[in-house]
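Novice: First the structure, which I've put down as structure tokens, then a few questions once you've had a look.
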Amino acid sequence: MKLLALFVLLVIAVAYYGYQRFSPEFLNKTEQVREPRLAPDGTLFLVERFSHVTDEGIVTLHPGTEVTIVDRGEGVSKVTDGKQEFDIPTQQLTNDLDIRDQFLQSDRALQTEYHSGLKQLETAALAKIDEDIVALQKRIKTLGQRISELNVNKTRLTRVFEQSAPSPLTGKPTEAQRKQKAEIDQVSANILQLQDEVVSLELFINAKRLKKEK
């Protein structure tokens, strides 16, 4: 009886193993295991960022960059990127195309993020220029109103000065006339100063507009 029970269990175990071995799920898993895609012999790719010195300065190569093997050494390989030859630790190289693709996809994502951030900065900078121009234009408008007020005041002071008479004894301007003349001169100086500021602000606005157009 015990032997019969053991035999039945053995049959069940073999049947279960056969089902697992040849089931669609197992076959699908087997099909998913693929051989690695390798580059042609002599073609390698960087798996880390690498910098080397050239006659033109420091050159930085990014992961996924393709290089060609020139000579293999112990732990170090001489390679070329088509422009310069340089030594690099062999462990920083691979011939696996799938790994290369992963690095290239990652690099493209980083480049996209970088350019997106740069675009946002440019947009913010342009918006700031527009804000500055609006503020400068408001300042010019305020200065224009002030200049108009000063011109009105200067006209009034000049009229009063011209209508006053010099001293009947000496024929020279009276003290009141000298004060009026000094006040007129001060108003004229203030007008010139404000006009100079307006010119400077207009030049500043033009400079900002040219910067925005670049």
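Novice: If you check Glu213, Glu122, Glu113, which single one turns out to be over 30 Å from Gly64 (Cβ atoms) and out of contact with any Phe, Trp or Tyr (no Cβ under 9 Å at 6 or more places or on another chain)?
Specialist: Details: Glu122 fails: over 30 Å from Gly64 (Cβ atoms); Glu113 fails: over 30 Å from Gly64 (Cβ atoms).
Criteria check complete, one pass: Glu213.
Novice: Considering only strands (runs of 3 or more DSSP E) fully contained in segment 51-148, which possess at least 3 residues that are modelled with pLDDT under 90 and loosely packed, with under 10 Cβ neighbours inside 10 Å?
Specialist: Working: elements: 57-61, 66-72, 76-80, 85-89.
Filter on segment 51-148 gives 57-61.
Novice: Another question, then. Just wondering, is there one or more residues in segment 115-127 that are over 30 Å from Lys212 (Cα atoms) and aliphatic (A, V, I, L, M)? Show your work before the answer.
Specialist: Of segment 115-127, the ones over 30 Å from Lys212 (Cα atoms) are none.
Within segment 115-127 (the criterion being over 30 Å from Lys212 (Cα atoms) and aliphatic (A, V, I, L, M)), the answer is no, since none of the residues qualifies.
Novice: In addition: Kindly check whether there is at least one residue in segment 106-125 that is hydrophobic (A, V, I, L, M, F, W, C) and in contact with an Asp or Glu (Cβ under 6 Å, 6 or more places away or on another chain).
Specialist: Of segment 106-125, the ones hydrophobic (A, V, I, L, M, F, W, C) are 109-110, 118, 121, 124-125.
From the residues that got through so far, the ones that are in contact with an Asp or Glu (Cβ under 6 Å, 6 or more places away or on another chain) too are none.
No, because not a single residue in segment 106-125 is hydrophobic (A, V, I, L, M, F, W, C) and in contact with an Asp or Glu (Cβ under 6 Å, 6 or more places away or on another chain).
Novice: Starting from segment 72-99, keep only residues that are farther than 20 Å from Thr54 by Cβ, then list their pairs with residues that are assigned to a strand (DSSP E or B) and at pLDDT below 90 whose Cβ atoms are within a distance under 8 Å, requiring at least 6 positions of separation or different chains.
Specialist: Listed pairs, sorted by first residue: Thr90/Arg72; Asn95/Leu38; Asp96/Leu38; Leu97/Leu38.
Novice: For segment 115-154, what are the residues that are over 29 Å from Asn190 (Cα atoms) and of a type outside the set (D, E, K, R)? So that I can check it myself, show each step before the final result.
Specialist: The initial filter retains those residues of segment 115-154 that are over 29 Å from Asn190 (Cα atoms), namely 115-130.
Once the filter is applied, which keeps residues that are over 29 Å from Asn190 (Cα atoms) and of a type outside the set (D, E, K, R), segment 115-154 yields His115, Ser116, Gly117, Leu118, Gln120, Leu121, Thr123, Ala124, Ala125, Leu126, Ala127, Ile129.
The values are calculated or read from the model by the stated rules, or taken from the named source; none is laboratory data. Note that this is a predicted model, so its numbers are computed, not measured. Backbone-built Cβ (ideal geometry, glycine too); neighbour counts: all protein chains shown.
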